[in-house]
Amino acid sequence: MKRGFLGPIGDDLPSLIPLVFALIIFFYSFTFAWNIFNERSSSFNDNLAVLELASTMRGNSYLGGTDAFQANCTKAKASIKRIKFSVGLVALSNNPLAETGSEHFQGAGSENFFAPQGNPEGFLCSNSAEDVPKLYSVRFFPVALEKTGNAADGGGRFFVKPMLLVVVTWH
């Protein structure tokens, strides 16, 4: 027997340590990159679901009243399962100079948007009974809402009112 001879594996042990270390680094970086890819892919799919929801709710950007809005709401609730949402309409002023004295848009008047008294005409759609959490996303889309005049306005006439479709989403 020769001194210093450890056998076939013993002689190769010093060269195996860097190889194992390199494989550990490779698989760690591969796993890290894969997790980042999955996270961004999930975020991208959420953004697509929001756009699909907005497209379903606004249709061709012309809403024929509460019935059309509720029909779109039923379609959205049936097709959008990936995210939780609340969608509603907020009126835009069609005469900003009379209200604010300024030529600049001053906001959409979204106070009490999710409260039933803030949206009395039924232009509210949600697939979740829970309150909106602290982490959410809001997107606005312009739409036109067809409204009929009341008896004081002549009854059968209708007009089109500019509105914002507000889409609030969360997980």
Exercise. What ranking do 136-142, 122-128, 37-43 get when scored by the average of other Cβ atoms within 10 Å per residue, highest first?
Worked result: 122-128, 136-142, 37-43
For this session: Work through the residues other than V167 whose Cβ is under 12 Å from its Cβ and net out their charges, Lys, Arg +1 and Asp, Glu -1.
Result: +2
Problem set entry | Sorted by Cβ neighbour density within 10 Å, fewest at the top, the residues L145, L16 | L16, L145
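Only the coordinates and a few stated rules stand behind these numbers; no lab work does. Only a predicted model underlies this, so the values are computations on that prediction, with no experimental measurement involved. Note that each Cβ is placed from the backbone with ideal geometry, even for glycine, and that neighbours are counted across all protein chains shown.
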